[in-house]
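Working notes for the structure below.
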Amino acid sequence: MAVGKSQVVSVRVEPHIKAALQTAADREMRSLANMLEVMVVAYCRAHGYPLEGVPSEALPNTIPKGSIA
C-alpha cells in the first residue's frame, strides 16, 4: 500500500489501549503498525476524509458499503 519511504509517527496511549490494539493486530495476523494503518484508512473512508495516495483497491474491506471509491 505504501509508495515510497514510510514515515514515523509516535503516539503515547494508555496500556489498555495498546493491549486492545495488540489483540486486534494478533487476531488479524498484522503488525501493530499495519493494524493502525488499516484502522486509519477504514476511519477515513467511513467518514469521507480524502486518502490521497491510497488506491481504492488497497484494503477493499475498508470501503463502506454503498459508496463509490
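The values are calculated or read from the model by the stated rules, or taken from the named source; none is laboratory data. The model shown is predicted, which means the values in this text are computed figures rather than measured ones. Cβ atoms come from the backbone with ideal geometry, glycine included; neighbour counts cover every protein chain shown. When the accessible area is computed, the model is the full protein with side chains, heavy atoms only, and any ligands, DNA or RNA have been set aside. Shrake-Rupley method; radii C 1.70, N 1.55, O 1.52, S 1.80 Å.
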Count of residues meeting criterion [modelled with pLDDT of 95 or more and of a type in the set (V, I, T)] in the stretch 1-16: 1
Index of the failed condition, S56 passing every other in (1) open to solvent by less than 60 Å² (accessible area, probe 1.4 Å); (2) free of Cβ contacts under 8 Å to residues at least 12 places away in the same chain; (3) of a type in the set (S, T, N, Q); (4) outside any helix (DSSP H, G or I): (2)
Residues that are touching a helix residue (DSSP H, G or I) at 6+ places or on another chain (Cβ under 9 Å) and among the basic types (K, R), drawn from the stretch 1-53: K18, R30, R45
Residues of the stretch 17-53 satisfying the condition of being modelled with pLDDT of 90 or more, among the basic types (K, R) and in a helix (DSSP H, G or I): K18, R27
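Residue by residue, here is whether (1) of a type in the set (D, E); (2) touching a strand residue (DSSP E or B) at 6+ places or on another chain (Cβ under 8 Å); (3) open to solvent by less than 80 Å² (accessible area, probe 1.4 Å) holds:
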| residue | (1), (2), (3) |
| --- | --- |
| S6 | no, no, no |
| V11 | no, no, no |
| E14 | yes, no, no |
| I17 | no, no, no |
| T23 | no, no, yes |
| D26 | yes, no, no |
| S31 | no, no, yes |
| E37 | yes, no, yes |
| V41 | no, no, yes |
